[in-house]
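Undergrad: One structure, as structure tokens, below. Some questions next.
The values are calculated or read from the model by the stated rules, or taken from the named source; none is laboratory data. Quick caveat, the model's predicted, so the values are computed rather than measured. Neighbour counts run over all protein chains shown; Cβ positions are idealised from the backbone, glycine included.
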Amino acid sequence: KRKSKHLPPGPPGLPIIGNLHQLGALPHRSLWELSQKYGPVMSLRLGCVPTVTVSTAETAREVLKTHDLYTCSRPVSAGTKKLSYNYIDVGFSPYGEYWRKMRKICVLELFSARRVQSFHFIREEEVASLVDFASKSASSSTPVDLSEKFMSLTANVICRAAFGKSFKERGFRHDRFQEVVHECIDRLGSFSAADFFPYVGRIIDRLSGLHAKIERSFEEFDAFYEKAIDDHIKKGKEEPGHEDFIDVLLLELGRSQAEADPLPFSKDHIKAILMDIFIGGVDTGTITLIWTMTELARHPRVMRKVQEEIRTCIGDKGKVSESDIEKLEYLRMVLKETYRLHPTGLLIREAMSKINISGYEIDPKTLIQINVWAIGRDPEIWKNPDEFFPERFMHNQIDFTGQNFELLPFGAGRRGCPGMSMGLATVGLALANLLYHFDWKLPYNMKEEDISIEEAPGIITSKKDPLLLVPVRYPHA
Ligand code: HEM
């Protein structure tokens, strides 16, 4: 069959498990290594799931642009089924009329420019409280665990935008909440036998305890959402312009009931979208912040240059506001360079019909992985690809908004990230303020080369060890 169909080349697999054993703890790296041997369009079999991995900008363009309409579905999996309330969310639901409706609600109602702007006071308050914390640490020359602080920052911003109140006011321990977000992401990335071995896989998942773990994370989130939604129903409608995500989704629910919608909206739909917002919005922003500060700490020249840009632009104004961010061109180059080297993970799609990528046939139902990490390190596109050198973006127009297939941290096409502006607003404001107010020193007589860039195992490319830096207050700020 393989010979007659002109399928992409790929490594031979083992009976039953196929190539699963070759994914390793860091799939983006293992797949990149395999692609060096088998080429930019590579065929694998993960258990019984036919899979194709693409690893260059050109092949990514073919998938995400030329064939976007036929590759904009997502594969089903045991973890995503549960966490998406049986695929009534946006991020995990298969392509179709239902997904289009939910995506429209997200794009027009939840993550529109107007709505993102309406949450600016939340971002400003949360960033100010981080700056306050760092000021205290600066007074006592104590290192700040930036990994922990960035996680709290993004989780608090998203929690307040979604629920109108902080974790504390909602009676939920924020550290526990972060743990549950992590548990969910770990579980989505863990090896679920049910995804790769039909029938018998479910039994293996029950025996290994994975099934019970997913159930537990789900129950915890569900109880939290239930209470927050009920509180909103009791409180009644919010004034226009002051709605949080639950207010907006409850309006949608009311509209759907009044109009006898053929695809009706329910409380579970609200919960499923909230789940997407937490799973999709918290870790991604945190990881961006951690890698950016890590690379800056490893490259003092770049750190000084970006600080100089911010301090010259802001002068003695006392803080960076959101409206200042677009003037900071070098900061944007620093972010692009961070995303080139540290995108959050593989893009995952499912082919909906037969397509042809670089002359190879791809069958419907094939799992498609776009290895954006490999694209970011491709020497055909990037000179000295392993070097952190933001100036490479000075003389080209490559941006990360999904139009340039060399740089895809937010994906592209119909399924690209709808929360990009919301995520970048927090990331930009936090970075600019931390770099404006403080110089950052390495603790414990460390040298730049001692800072670890080792990645934690899993589907998300996060930094393994926490990033600790000592803030030193900059005089004018
Ligand atoms: C800076 C941070 C962020 C990064 C790097 C990021 C990255 C991504 C990526 C790579 C995808 C998959 C795109 C594709 O398949 O082409 C995605 C999808 C998604 N993201 Fe984000 N994201 C970020 C922030 C956010 C935020 C703040 C939210 C919500 C509040 C969000 C909500 C979503 C949703 C709902 C999807 C699924 C879209 C769909 O399947 O139709 N993201 N994101």
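Undergrad: Here are the criteria: (1) in contact (Cβ under 8 Å) with a residue 60 or more places away in the chain; (2) part of a helix (DSSP H, G or I); (3) closer than 18 Å to GLU295 by Cα. Tell me which single one GLU391 does not satisfy.
TA: (1)
Undergrad: Additional query: Search the stretch 110-133 for residues that are of a type in the set (Gly, Ala, Ser) and pair each with any residue that is not in a helix (DSSP H, G or I) when their beta-carbon atoms are under 7 Å apart and the residues are at least 6 apart or on different chains.
TA: SER118/GLY241
Undergrad: Consider ALA425 against the criteria (1) away from the ligand (no atom under 11 Å from the Cβ); (2) assigned to a helix (DSSP H, G or I): it satisfies all of them except one. Which criterion is unmet?
TA: Failing condition for ALA425: (1).
Undergrad: In addition: Taking the conditions exactly as written (out of contact with any Phe, Trp or Tyr (no Cβ under 8 Å at 6 or more places or on another chain), within 15 Å of the ligand (Cβ to nearest atom) and not in a helix (DSSP H, G or I)), does ASP378 satisfy them or not?
TA: No, not satisfied.
This table checks each residue for (1) near the ligand (Cβ under 10 Å from one of its atoms); (2) touching a helix residue (DSSP H, G or I) at 6+ places or on another chain (Cβ under 7 Å); (3) in a helix (DSSP H, G or I).
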site	(1), (2), (3)
ILE277	yes, yes, yes
GLY281	yes, yes, yes
THR284	yes, yes, yes
THR288	yes, yes, yes
LEU296	no, yes, yes
VAL306	no, yes, yes
GLY318	no, no, no
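Undergrad: From ARG415, ARG392, which residue is charged (D, E, K, R) and more than 30 Å from VAL49 (Cα to Cα)?
TA: The conditions single out ARG392.
Residue-by-condition table, conditions (1) more than 14 Å from the ligand (Cβ to nearest atom); (2) part of a helix (DSSP H, G or I); (3) touching a strand residue (DSSP E or B) at 6+ places or on another chain (Cβ under 6 Å):
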{"site": "GLU309", "(1), (2), (3)": "yes, yes, no"}
{"site": "LYS327", "(1), (2), (3)": "yes, no, no"}
{"site": "ARG332", "(1), (2), (3)": "no, yes, no"}
{"site": "GLU337", "(1), (2), (3)": "yes, yes, no"}
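Undergrad: Is there a residue being free of Cβ contacts under 8 Å to residues at least 24 places away in the same chain and among the charged types (D, E, K, R) anywhere in the stretch 356-379?
TA: No, that holds for no residue.
Undergrad: GLU243 versus (1) under 21 Å from ARG103 (Cα atoms); (2) modelled with pLDDT under 90; (3) not in a helix (DSSP H, G or I): which is the lone unmet condition?
TA: GLU243 satisfies every listed condition except (2).
Undergrad: If only one of ASN396, ASN384, ASN356, ASN371 is within 16 Å of the ligand (Cβ to nearest atom), of a type in the set (S, T, N, Q) and out of contact with any Lys or Arg (no Cβ under 7 Å at 6 or more places or on another chain), which one is it?
TA: After applying the criteria, what remains is ASN371.
Undergrad: Next question. So, in the stretch 79-125, of the ones that are touching an Asp or Glu at 6+ places or on another chain (Cβ under 9 Å) and of a type in the set (Asp, Glu), which residue ends up surrounded by the most Cβ atoms within 10 Å (Cβ to Cβ)?
TA: The extreme case among them is ASP89.
Undergrad: Looking at (1) more than 16 Å from the ligand (Cβ to nearest atom); (2) within 26 Å of the chain's Cα centre (by Cα), can you tell me which one PRO27 breaks?
TA: (1)
Undergrad: State all residues of the stretch 53-102 that are of a type in the set (Asp, Glu), at pLDDT 95 or above and more than 10 Å from the ligand (Cβ to nearest atom); if no residue qualifies, say none.
TA: Hits for the stretch 53-102 are GLU58, GLU62.
Undergrad: From the list GLY413, GLY428, which residue is more than 19 Å from VAL302 (Cα to Cα) and surrounded by 14 or more Cβ atoms within 10 Å (Cβ to Cβ)?
TA: Exactly one residue qualifies, and that residue is GLY413.
Undergrad: Identify the single condition in (1) buried (at least 21 other Cβ atoms within 10 Å of the Cβ); (2) more than 14 Å from the ligand (Cβ to nearest atom); (3) closer than 24 Å to VAL116 by Cα that GLU322 does not satisfy, given that it satisfies every other one.
TA: Every listed condition holds for GLU322 apart from (1).
Undergrad: Determine whether THR154 is among the hydroxyl-bearing types (Ser, Thr, Tyr) and within 16 Å of the ligand (Cβ to nearest atom).
TA: yes
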